[in-house]
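The next block holds one structure in the form of C-alpha cells; read it before the comments.
Please treat every number below as a calculation from the coordinates, not as lab data. Every value quoted in this text rests on a predicted model; they were computed, and no experiment measured them. We place every Cβ from the backbone using ideal geometry, glycine too, and count neighbours over all the protein chains shown.
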Amino acid sequence: MKFSIERGALLKAVAQAQSVVERRNTIPILANVLIEASGDSVQFRATDLDIEVVDKAPAMVERAGATTVAAVMLNEIVRKLPDGALVTLTENGQTGRLSIDAGRSNFSLATLPKEDFPVMASSEYAANFSAPAPVLRRLFDKSKFAISTEETRYYLNGVYMHVADGEGGKVLRCVATDGHRLARIDAPLPEGAEKMAGVIVPRKTVGELRKLLEDDEAKIAVSVSETKVRFATPGITLTSKVIDGTFPDYTRVIPTGNTRKLEVDASEFAKAVDRVSTVSSERSRAVKLSLDEDRLVLSVNSPDSGAAEEELAVAYSDERLEIGFNAKYLLEIASQVDRENAVFLFNSSGDPTLMREGNDTSAVYVVMPMRV
Amino acid sequence: MPALCRDCLTTFEAGTRCPRCRSPRVTSHPELFDLTIAHMDCDAFYASVEKRDNPELRDKPVIIGGGKRGVVSTACYIARIKGVKSAMPMFQALKLCPEAVIVRPRMEAYVAASREVRALMDELTPVVEPLSLDEAFMDLSGTARLHHAPPAVMLARLVKRMRDELGLTGSIGLSHNKFLAKVASDLDKPRGFSVIGKAETVEFLRHKPVRLIWGIGPAAQESLAAAGIRSFNDLHRWDKADLTARFGGMGERLWHLARGEDARRISAHTPVKSISNETTFFEDTSDPDILDGHIWRLAEQVSARAKARDRAGRVVMLKLKRADHKILSRRLSLRQPTQLADTIYRTARALLDELGDRGPYRLLGVGLSEITTDRDADREGDLLDPDAGRRAKAEAAADRIRDKFGKDAILKGRALR
C-alpha cells in the first residue's frame, strides 16, 4: 500500500477515527485504525465494537492495499506535521511497519494484520431518510444535557429518537432524561422517517455525531434499524448500536396542568442563578425561587458558608410561590433558550416544573424541584 | 475522704453508709470530686430494654440474638450467671442455659432508648463521644460551675435518672483519661460506679493483664506474650525505644498506657463511616422472597439508625455470605444521600437482582456508606418514579406512628416474609 495525501485532509479523517477508539483497551487491535487505499481515495475505519466510524478522504493512491496502526499515535504525528505538508504512507507487507514521510520527517509505526480488524456487521435498515444538519444539530444539542450517567438505568444513557404526535401532526422527536430533568425536542418529520422504530442513541454516539453536523449546508443520511442507527455525510459514515432497552413512557412525566406562569429574560435569570449559587457549599446547590406579583427573588442559604439573594423583575401574576431547584439544572435549561424569554410553568413546590421558550412548544424542558 | 451517696446524691466525708438515707451504695475516693473523664456503659442494654418493655421477662434469663445459628448479641445478667456471654454461638448458649428466652433484636427500640440516654448525657456536657448504642465517653471538665456540682455527682444523677425515667441501668467509670475511664466502668457492673485516681493509677494497673487494653485482641495478646508481656508490670519494664522497635506505633502507645497515660481527647464529632446491619439465616436459602424480606427488614434497621443520628449515606451496600462462606459484596452510589428505608431497600434489591449468583446464602447484610448529614438527603424527587414522593411521605408517617405507639405499631407486609 502506498498513497500520498494532504496533511489537512489526513488530519480531519484520522482525528474523527481516533476519537472513537477507547483510550483504555484490552484488545490491541481496537486501538488501531484500519487504513484502506484503493482507486483515488483512502478509508479510515475505527471502532469500539459499539460505534464504527468510516472516514473517506481523496488521495493519490500509488499502490492499493490495507493495514492497521495505532490511531492515537497516528493522529498525534499528523497533528504535529506542518500545515500544508504532503504526507506519504507506505506499507510493503514484509516489515510489519507503516512508514510515514513528510518533508524531512520520517516515522515508522508498528502495524497489526488488517484481517484481525473487526468490521461491524451490516444491518437491514427499516427506515432511511435525509435531514439537514442544522435540524439534527438542534435535536441533539438541546437534549443531550439531560442524558443520564446512571448505570442502573442504562436505558436513560442516551437520546430517545422516535416519531411522535406533535402539535401539528407527526414529528421527529428527541427526548433525554436522568430523572431530574427532561428535554423534549421536536422537528418536522423528514420524508421516509414514518416507519422508523424508536431508538435510544447512546451518549458517546451523540458526541461523535456532533462532529458530522458542523456544516449548515450538509444533508445527513439517516438509517435506522431496531438495533443500529447510521448517520452519513458524503465523507463520513457513523454506525452505532443503539441501547437495548425500553425508554420509559415520558409523556406522563410532562405536566399538562401547570398554570402558574413566570416569564423572565433567560440570560438575566441564568446570570442571577449563577451569582447566588456561588455561596452554596453543598454538592446539590439548591436555589430557592420566591415568586410574588411581578417579582422573583432568588436566594441561597447555606448554613456553613453564608447566604445570597437577588431580585429580578419578571412577569408573574399568580399566587405567592416558593420553590427550590438544583442551580445546575436551572442553568442548563436556561442556557437552552436563545431567542425569546424563558417561560416557566409551575404547579406546587413539590411538582415538576415546565420550561419553554416563549410559546414555542417544539422544545420543552421539565425539571424536578428540590426541598429547600 | 470525699464520699457520695448514689441513691440520694448526698455528698459527705467518708463512711460506708449514707448519713442521710442510710443507703450502702456509697462511692468514696480521695480524688472523687476532681476527676472529669467518664465512661458510661449501659448494663446488658438490649436485654434491659426487652425486660423494661415486657415485664414478664424480668425474672427470666433473656438472650438477644437471632435464630439457632446466630450468635448471642446480649445476655441479661441472669443468663450471664449460667455462663452465657456475648458473641457466643446460640446453640452453645442454649446448652448452658436451656430455659433462656431468646428474643430477636428490635434495633429500632434500642435506637430509641439510646437516643433517650444520649439526651440525658447531653444535659451534662456538650462533649459526648458515643462508642455504640449503649456506651459513651463524656468529658465533664469545666462543668462543675455550670451544674453547681462536681462531675461525680452529675454522673450519679445521670444513672439515677436513667433508672427512674427510662427504666435502664448503667455503670460509670470515672478517671483522668479515656483508657482508664473505660476500664473503670467495667470493674463493678452492673450499676457500678468506679473511680481510678491519678495517685493509684500505676499501682492499680500493675498486675492487670494487657488484654485490658481496648483493641488488644487474641492476636495482639499472642504477639505480646511472645515478647514475654502478659501483665502491665511486664510492659512497664520495657524501654520506649525497644517497644517501638518491636511493635511499631502500637509500641509507643503501649508504653504510655503502661503508665496509665492516654492523651486521646474525647471528641463529640467522631465521624461515622458506615451504618450496616446483617443477619445469619436460620437455614441457608436462595429463595428470592425470603431474601427480599430480609433486605427489607435490614434496610429498615439501617434507616432507623441513620435517622436516629440525623445521618444519610450516598452509597448502598449489599453483602451476602454463600453457604461455602464465600463473601459477595456489591455497592452502588446514589445521586443524592438517603436515609429512607424505601430507597435503601430498592437499591439493595436491585443489587441482589444484578448479582448473577444463585446462592444459597447463609448471611445477608445491608448498609450505607459515605455518610453525611441528612441535610442534603432525599431532597430531589424522581421524574420517572412519581410514586417515590408518596412512599417517602408514607414512610415519614409510619415513623411518626412508631414514635408514638412503638416499633411494631405499623409494619409493611414485606416485613413478614
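Summary table below
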quantity	calculated
Percent of Cα pairs exceeding the 46 Å cut-off, where the set is the protein assembly as shown	46
Cα gyration tensor, chain A - rounded (a/c under 1.5), prolate or oblate	prolate
Farthest toward positive dipole pole in the range A:223-326 [+1 Lys/Arg, -1 Asp/Glu at C-beta], among A:Leu298, A:Thr239, A:Thr256	A:Thr239
Of A:Ala146, A:Ala342, A:Ala313, the one that fluctuates the most in a GNM where chain A has Cα springs shorter than 10 Å	A:Ala313
Degrees separating the helix A:7-20 axis from the principal Cα axis of chain A, which is the longest one	60
Cysteines not pairable in chain B (beta carbon separation under 4.7 Å absent)	B:Cys42, B:Cys76, B:Cys97
Neighbour-count ranking [beta-carbon atoms within 10 angstrom, fewest first] of B:Leu180, A:Leu86	A:Leu86, B:Leu180
MRE, 222 nm, helices only [DSSP H, n ≥ 4, -39500 (n - 2.57), over chain B, to nearest 500]	-10500 deg cm²/dmol
Radius of gyration and maximum dimension Dmax of the range A:2-116, Cα, Å	12.9, 39
Charge dipole (debye, nearest 20) of the range A:134-207; +1 at Cβ of Lys and Arg, -1 at Cβ of Asp and Glu	200
Alpha carbon centroid spacing (whole Å) that separates the range A:74-150 from the range B:263-305	51
Of B:Leu166, B:Cys18, B:Val71, farthest towards positive along the dipole that unit charges on Lys, Arg, Asp, Glu beta carbons give chain B	B:Cys18
Separation of alpha-carbon centers, the range A:307-341 and the range B:324-353, rounded to whole Å	36
Gyration tensor verdict on the range A:116-173 (Cα atoms; rounded if a/c is under 1.5, prolate if a/b is larger than b/c, oblate otherwise)	oblate
Cα-projected label distance for B:Arg390 with B:Glu165, points at 7 Å along beta-carbon direction, nm	4.2
Volume of the Cα convex hull of the range B:337-392, divided per residue and given in Å³	106
Shielding by other protein chains, B:380-391, mean Cβ within 10 Å	6
Chain A: most fluctuating residue of A:Ala315, A:Ala176, A:Ala121 per GNM, C-alpha cutoff 10 Å	A:Ala121
Proxy reagent accessibility, fewest Cβ within 10 Å first, across B:Ser231, B:Ser141	B:Ser141, B:Ser231
Quarter of the Cα convex hull surface for the range A:243-357, i.e. its orientation-mean projected area (nm²)	8.5
Amide N of the range A:326-355 lying under 13 Å from the label point, which is placed 7 angstrom from the Cα of A:Asp274 along Cα→Cβ	A:328, A:331-336
Radius of gyration and maximum dimension Dmax of the range B:274-416, Cα, Å	14.9, 43
Neighbour net charge for A:Ala232 - beta-carbon separation under 14 angstrom, K R +1, D E -1	+2
Residue-wise HN-Hα coupling along the range A:145-154, computed from phi with Karplus coefficients 6.51, -1.76, 1.60 (Hz; x: Gly, Pro)	4, 8, 5, 7, 10, 6, 6, 5, 9, 4
Three-way shape label, the range B:25-124, alpha-carbon gyration tensor, a/c 1.5	prolate
Ranked B:Leu205, B:Leu146, criterion: other C-beta atoms within 10 Å, fewest first	B:Leu146, B:Leu205
Distance (nanometres) between label positions extended 7 Å along Cα→Cβ at B:Arg259 and A:Thr152	5.4
Modelled FRET efficiency - R0 35 Å, B:Asp234 with B:Asp186, Cβ distances, 0.05 increments	0.95
Selection from B:Ser231, B:Ser274, B:Ala308 lying farthest towards where the dipole of chain B points positive, charges on Cβ	B:Ser231
Dipole moment magnitude, nearest 20 debye, chain B about Cα centre, only Lys, Arg, Asp, Glu C-beta charged	540
Theoretical FRET efficiency, 1/(1+(r/R0)^6), r = Cβ-Cβ of A:Leu49 and B:Ser286, R0 41 Å, to 0.05	0.75
Candidates B:Leu298, B:Leu364, B:Leu328, ranked by Gaussian network fluctuation over chain B, Cα under 10 Å, top entry	B:Leu328
Alpha-carbon centroid distance for the pair the range B:125-143 / the range B:1-66, whole angstrom	17
Debye, to nearest 20: dipole size of the range A:2-116, +1 on Lys, Arg Cβ, -1 on Asp, Glu Cβ	360
